[in-house]
Amino acid sequence: MCGIVGYVGSNEAADFLLEGLRRLEYRGYDSSGVVTAQDGTIDVKKTAGRVESLSQLLKTSPARGGVGIGHTRWATHGPATDENAHPHLGGDQIVALVHNGVIENYRGLKEKLLERGYEFCSDTDSEVVAHLLAYELRNLSDDVNESIDPYAPLIVAVQNMLTQLQGTYGLAMVFRDWPEVIVTARLGSPLVLGVGDGENFIASDGSPLAGRTEKIVYLADHEIAIVTADTIRVIHRDQGDVRHDIKVLDIEAADIDLGRFDHYMLKEIFEQPETVRNALRGRLDRDEATAVFGGLNLSAQQLQSVQRFVLTACGTSWHSALVGEYMIENLARIPVEVEYASELRYRNPPLSTGTLLFALTQSGETIDTLAALREMKRKGHPTMSICNVVGSTIAREADGGIYLHAGPEIGVASTKAFTAQCVVMSLLALYFGRLHHLSYEAGLHIIDDLEKLPEQVETALATHDRVRQIAEKYADRNNFLYLGRQYNFPAALEGALKLKEISYVHAEGYPAAEMKHGPIALVDEQTPSVFIVPQSAVYDKVLANLEEIKARGGPVIAVVDDEDSRVTEVADDVIVVPAVSDFLQPIVASVPLQMLAYHIALIRGCDVDKPRNLAKSVTVE
Ligand code: AGP
């Protein structure tokens, strides 16, 4: 959601800014802009629409200078217009800034600034911050000593401004009278710095830095960075200078190349054999018939005494948590509760000691998941993250965690992160199972199953042509049902979500047997039902549900693992995936469902990688 980039160095800032904004497009946005500082002026270029429109604007009217910041805006306060696009100017154009996040008290601040004579051009909360910063710069107390520290006025003005803000922010600011510097600040909205040679970079996440530098600094909440071409200084909003660690960026330029694919979503779907392998790599211990994790950071005694799991997440990550619930309860026999993070953060559930919280999140920045994690931490429960983005806020704030190692997921619709999360869930089930009742032999069976999984996912990908044909047949339909039971119920939910988010087609996921308690009323010749019905203990039951749909004239698309099964006789269209143990079925079955959503969206002319209204990491409540 919203993206920030910044550049300080001897090259034209706009070159990096444009490229960086393109790499941040996946986060979701509806307008974009840049500002550069040079020769006593700050020059803003911004426009509603895609970064491509900004690029055209910059061709006719270039933004010159070696210092600049850029932004992609996802509208919160006011529609996607040129005026509401960032950057916003403050005061007499003495400052310009870009902002991610939401300033909750902006109305009160705006009223005061209006009384002081400031004029506003936009509806945004961010312009309020720009004017407030200009006001603080103009009204510094006399004891701010520029001769000792040339940036003292900026620092004090920024600190004074920040202390008045309520809400969340990732801010990057440039100053007319200090054209060699960018100041950034963060609270609740991620910012990273890229350390170059005679140049430095700023970004909302590591992707714009790939290929530019391998050195990254993660800013923490309440930190302010003063960045010039040769220096990075980090200070705490209230406590003065702090040491900053330089880490290694884990993204390579090739990771964000489309390669032979037309869309990131398809590329990421096809990466799954590898990402499943990566999620397993080094985590299977045949000697002990268990899983191993490097980052749980809990003592053997703490691990042994876990009596209950709470899994919290949003969206697709919530679906993988549901898969995890089935896995952990069945294999480890430990009770699991799955909570929407947005609900958990405001609920006050009675949780006994021995409760371990896992926050599942691809991005590691989802604000609801972060808030739920903080709430649980505050109540003294150990917290773990299952996260893809290294160094993300949730990964850093959790007591311990497990990385997915799926590589950057750029398509807004999560695919490879989902299957990697399910794999990690299965590893946790194995691990905690082996701490309790699961036998050595049963542990080894699970390891055997997991070792075969990357190849089975590869085989599931071979359904691509068949799935494309099915997509062509049903792409004009406006309602779909997705049905599955037990492990495949979350897979049904996830299949429906994929279709909804990228093709804008209404789709509902249900446990197959629930269908007759209401959704069956939706069934008609125009409403396809997608059944996930591999061989399992409930096969006959699901088959009965399928027959009920057929009896009412509803077309059925079935994902099966046996070509000659009874389902194939009844269903209109069949997709055959490899047979795997029941706990791995949602992983294998999800692959064709991802492709089905992809092809239906494509046929309907939708922007698969940047679906309307959606953002990759949802950093507002
Ligand atoms: C997935 O396709 C969605 N874009 C969305 O539901 C996403 O899973 C959700 O916003 C949670 O994101 P996270 O995993 O980064 O926390």
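The values are calculated or read from the model by the stated rules, or taken from the named source; none is laboratory data. On a predicted model such as this, the values are computed, not experimentally measured, just so you know. Every residue, glycine as well, gets a Cβ built from its backbone with ideal geometry; the counts of neighbours run over all protein chains shown. Please note that ligands, DNA and RNA were not included when accessible areas were found on the heavy atoms of the full protein model with its side chains. Shrake-Rupley method; radii C 1.70, N 1.55, O 1.52, S 1.80 Å.
With a simple spin-label model that places each label point 7 Å from the Cα along the Cα-to-Cβ direction, the separation between LYS550 and LEU351 comes to 4.6 nm. The accessible-area ordering, largest first, of the residues SER126, SER581 stands as SER581, SER126, per a 1.4 angstrom probe.
Counting only DSSP beta bridges whose two residues both lie in the chain, roughly 65 percent are antiparallel.
Please tell me the relative contact order of the chain in percent, rounded to the nearest whole number, where contacts are Cα pairs under 8 Å and at least six residues apart. Working shown, then result.
Details: 1423 pairs, mean separation 73.8, N = 621.
With pairs under 8 Å counted, the relative contact order is 12 percent.
Can you tell me the order of 318-326, 301-309 when each peptide is scored by its average per-residue count of other Cβ atoms within 10 angstrom, highest first?
Values: 318-326: 26.3, 301-309: 14.1.
Ranked from most to least packed, the peptides come out as 318-326, 301-309.
For the range 1-86, what log10 I(q)/I(0) values come out of the Debye formula at q = 0.19 1/Å, with one point per alpha carbon and no solvent? Taking Cα atoms of the range 1-86 as identical point scatterers yields -0.73. The figure for ASP205 is an accessible area of roughly 20 square angstrom, using a 1.4 Å probe on the protein chains alone.
Note on the chain: the alpha carbon radius of gyration divided by the globular reference 2.2 N^0.38 Å gives 1.02.
Treating each Cα of the range 519-621 as an identical point scatterer and ignoring solvent, apply the Debye formula and state log10 I(q)/I(0) at q = 0.10, 0.19, 0.21 Å⁻¹. Once normalised to I(0) and log-transformed, intensities are -0.36, -0.99, -1.09.
Evaluate E = 1/(1 + (r/R0)^6) for ASN145 and HIS236, where r is the Cβ-Cβ distance and R0 equals 22 Å; express this FRET efficiency to the nearest 0.05. That gives a FRET efficiency of 0.65.
Extending 7 Å from the Cα toward the beta-carbon at both GLU451 and GLN535 defines two label points whose distance is 2.2 nm. Given an 8 Å cut-off on Cα distances and at least 6 residues of separation, report the relative contact order of the range 321-442 as a percent. It rounds to 30 percent for the range 321-442.
Subtracting the Cα-Cα distance of GLU52 and LYS473 from their residue separation scaled by 0.36 nm leaves 148.2 nm.
Computed with every protein chain present, the accessible area of HIS436 is close to 80 Å² [probe 1.4 Å].
How far is helix 488-503 tilted off the main Cα axis of the chain, in degrees rounded to 10, range 0 to 90? Long axis of 488-503 versus the principal axis of the chain: about 50 degrees.
Within the range 183-232, the proportion of C-alpha pairs whose separation exceeds 12 Å stands at 56%.
In the chain, a dipole from Cβ-located charges (positive for Lys and Arg, negative for Asp and Glu) runs towards its positive end, and of ALA157, ALA406, VAL620 it is VAL620 whose Cα lies farthest in that direction.
Based solely on its DSSP helices, what 222 nm [θ] is calculated for the chain when runs of n ≥ 4 H residues each add -39,500 (n - 2.57) and the sum is averaged over all residues, nearest 500 deg cm²/dmol?
Values: 19 runs with 217 residues, N = 621.
After summing the helix terms and dividing by the residues of the chain, the value is -10500 deg cm²/dmol.
Put a plus charge on the Cβ of each Lys and Arg, a minus charge on the Cβ of each Asp and Glu, and nothing anywhere else: the dipole of the range 294-384 about its Cα centre is then about 320 debye. Each listed q (0.15, 0.18, 0.22, 0.24 Å⁻¹) maps to a log10 I(q)/I(0) for the range 261-317, found by the Debye formula over equal Cα scatterers with no solvent: -0.76, -0.94, -1.07, -1.11.
Rounded, prolate or oblate: which fits the range 430-552 when a ≥ b ≥ c are the square roots of the eigenvalues of the alpha-carbon gyration tensor, with rounded for a/c under 1.5 and prolate only if a/b beats b/c? It is prolate, given that a/c is not under 1.5 and a/b is the larger ratio.
Normalised by the number of residues in the range 207-282, what is the relative contact order in percent for Cα pairs under 8 Å and 6+ residues apart?
Values: 57 pairs, mean separation 20.6, N = 76.
So the answer I get is 27 percent.
Place +1 on the Cβ of every Lys and Arg and -1 on the Cβ of every Asp and Glu in the range 91-231, take the dipole about the Cα centre, and give the residue among VAL192, THR231, ILE148 whose Cα lies farthest towards its positive end. After comparing all options, I get VAL192. What the range 157-315 shows is 41 Å² of accessible area per residue, with the surface traced by a 1.4 Å probe over protein heavy atoms. Taking a ≥ b ≥ c as the square roots of the Cα gyration tensor eigenvalues, with a/c under 1.5 meaning rounded and otherwise prolate when a/b beats b/c, else oblate, which class fits the range 258-461? Oblate, since a/c reaches 1.5 and b/c is not below a/b. Past the 19 Å Cα-Cα mark, which pairs from LYS247/LYS267; LYS516/LYS550; LYS416/LYS498; LYS473/LYS550? With Cα atoms farther than 19 Å apart: LYS247/LYS267. Here's the list of lysines a cross-link from LYS110 could span, going by alpha-carbon distance under 27 Å and ignoring same-chain residues fewer than 8 apart: LYS45, LYS46. Placing unit charges on the Cβ atoms only, positive for Lys and Arg and negative for Asp and Glu, gives the range 3-255 a dipole magnitude near 420 debye about its Cα centre. When the residues LYS416, LYS379, LYS541 are ordered by accessible surface, computed with a 1.4 Å probe over the protein chains alone, the sequence from largest down reads LYS541, LYS379, LYS416.
For the range 3-255, just run the numbers: alpha carbon Rg, then divide by 2.2 N^0.38 Å, N being how many residues it has.
Details: Rg = 16.6 Å, N = 253, 2.2 N^0.38 = 18.0 Å.
Taking N as the residue count of the range 3-255, the ratio is 0.92.
Would you rank TYR346, TYR539, TYR510 by solvent-accessible area, highest first, keeping every protein chain in place and using a 1.4 Å probe?
Working: TYR346 155, TYR539 15, TYR510 65 Å².
The residues order as TYR346, TYR510, TYR539, largest area first.
The distance between label points at THR163 and CYS121 comes to 3.1 nm (points 7 Å beyond Cα on the Cα→Cβ vector). In the complete set of protein chains, residue-level accessible area for TYR135 is approximately 50 Å², probe 1.4 angstrom.
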